[in-house]
Amino acid sequence: MKDNNVIVIGAGPAGCIAAALLQNKGHQVTIVERDVFPRFSIGESLLPQCMEYIEQAGMLDAVNKAGFQLKAGAAFIYQGKQSEFCFSDKFSLGFDTTFQVQRDKFDSLLANEAQRMGVEIRWQEEVISADFSAKKPLLTIKQADGSAYQNEASFVLDASGFGRVLPRLLNLEKASDFPCRQSLFTHIEDRIDLSEYDRSRGCIIVHPDYKDVWYWLIPFDNGRCSLGVVAEPDFLQSIAEDQQQVFQSLISQEPGLANLIRNAKFDTRIMSLKGYSANVTSLYGEGYALLGNAGEFLDPIFSSGVTIAMKSASLAAEVLDKQLNQQQVDWQKEFVEPLNKGVKTFRAFVDAWYNGDLQDIVFYNQQQSNIKQMICSVLAGYVWDEKNPYVKNSAPRLKTLAELCRE
């Protein structure tokens, strides 16, 4: 049996940020990671709010020097109409730019930085059972050769993402109240003409006939991009059974997108995620807390996943540091409630996107500059800035604004 202070499950962004923050506060931290890096992961478009947590963890310099594609804003396209949001023209204070990243390179960079700070990462090890009934959590961990050992820890942070290790092992999973949606996606050599498109803008394109079907285009620094489409599974299945055929058919149905990537080389298989929205009955318990997608995932539409993951890592590290230093803490008030304020805002914007309200706002051709700045702040990830009216009362304000735009 091995004894460590804090065990983090998963070496993705949430796990590495949390581990680095705790390690830098003087705690001994070990990450247990099932895979070997570099490895593919979705979620390649960061938001400026992410940069704050990267800076807190002491990783900002390394990320800035890595050569990732700069992201300065977001572009929305529907039936030839284009609406752009520049992150420097936002309501909230904070970073004005971020990056579009291939996650294999980005996640490896964060993991290397965490190791440089003294965090131990045990690669190709998987948590297969967890017992929180004793004074200290006890994990059973399987190694690459199939053998297993037990590890006692002072606390466990689950940053396993879509692996959702503790929710599965502790029966914490709860059905999401979002409709089931499916994404098809790939990486391509895009060969986009730079005179036609600004690569520093992540692009969201609405299907010309179905407003609940949308595409993402996320350019990288190396002439490649992430390309995906999101729709309800029944809609995708009505087109064809083969994912490649469905994907190519949907690309061809959007003339602007098809033209933009007319010279592209499709050299990577089409991948799929289905029913990805998820929730849990609780984000914490005696001896553990859930970070990022291990707790809740909404929808890819506004690239909120990594931002929420990093925020949860920052909050959890602060609370856990106090707890390990024998201070009184309240995980509900200091972790869950602050985190959920931002999640609630993102949720309101996701709902408004799919019911059409936000699309009517985004494509309104007489946008007031101050309101656009407030919307831009949310799109930049500043969903914890309660000075922004569209953070504090998101749902009713979006509904009212959409009705005014329609008038």
> With point charges of +1 on the Cβ of Lys and Arg and -1 on the Cβ of Asp and Glu, referenced to the Cα centre of the chain, which listed residue (Phe95, Leu379, Val156) lies farthest in the positive direction of the dipole?
Replying inline: Phe95
>> With both bridge residues required to lie in the chain, what share of the DSSP beta bridges run antiparallel, to the nearest 5%?
In response: 65 percent
> Regarding the range 308-407, what are the three Cα extents along the principal axes, ordered largest first, in Å?
Replying inline: 58, 23, 18
>> If each residue of separation counts as 0.36 nm, what is the full-extension length gain between Asn365 and Asp89 once their alpha-carbon separation is subtracted?
In response: 97.6 nm
> Over what distance in Å are the Cα centres of the range 363-399 and the range 293-353 separated?
Replying inline: 20 Å
>> Given the chain, report the % of alpha carbon pairs whose separation exceeds 37 Å.
In response: 22 percent
>> As a quick test, which of the pairs Lys341/Lys392; Lys344/Lys392; Lys174/Lys211 have an alpha carbon distance above 20 angstrom in this structure?
In response: Lys174/Lys211
> Which whole number in µm²/s is D for the range 225-367 by Stokes-Einstein, with the Kirkwood Rh taken over Cα pairs at 25 °C and 0.890 mPa s?
Replying inline: 133 µm²/s
> Hey, fewest Cβ within 10 Å first, where do Ser133, Ser92 land in order?
Replying inline: Ser133, Ser92
>> Based only on other Cβ atoms within 10 Å, what is the fewest-to-most ordering of Tyr390, Tyr276?
In response: Tyr276, Tyr390
>> To make sure I understand, if each residue's beta carbon is the centre and we count other beta carbons within 10 Å, what order do Ile192, Ile361 fall in, fewest to most?
In response: Ile192, Ile361
> Here are some pairs, Lys311/Lys372; Lys135/Lys333; Lys71/Lys399; Lys372/Lys399; which of them have Cα atoms lying more than 21 Å apart in this structure?
Replying inline: Lys311/Lys372; Lys135/Lys333; Lys71/Lys399
> What shape does the range 135-175 have by the C-alpha gyration tensor, where a ≥ b ≥ c are the square roots of the eigenvalues, rounded means a/c under 1.5, and otherwise prolate means a/b greater than b/c and oblate the rest?
Replying inline: oblate
>> Can I get the semi-axes of the range 182-274's equivalent ellipsoid? Compute them from the C-alpha gyration tensor as square roots of 5 times the eigenvalues, in angstrom, largest first.
In response: 22, 14, 11
>> Can you compute the modelled spin-label distance between Ser195 and Cys180, with each label point 7 Å from Cα toward Cβ, in nm?
In response: 4.8 nm
>> How much length would be gained if the chain were fully extended between Thr140 and Asn325, taking 0.36 nm per residue of separation minus their Cα-Cα distance, in nm to one decimal?
In response: 64.0 nm
> Cβ under 13 Å from Leu60's Cβ, Leu60 left aside: what net charge do those residues give with Lys, Arg +1 and Asp, Glu -1?
Replying inline: -3
> How big is the antiparallel share of DSSP beta bridges in the range 1-100, given as a percent to the nearest 5?
Replying inline: 70 percent
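Bear in mind these aren't lab numbers, they're just calculated from the coordinates by the rules spelled out. Since this is a predicted model, take the numbers as computed values, not measurements. Note that each Cβ is placed from the backbone with ideal geometry, even for glycine, and that neighbours are counted across all protein chains shown.
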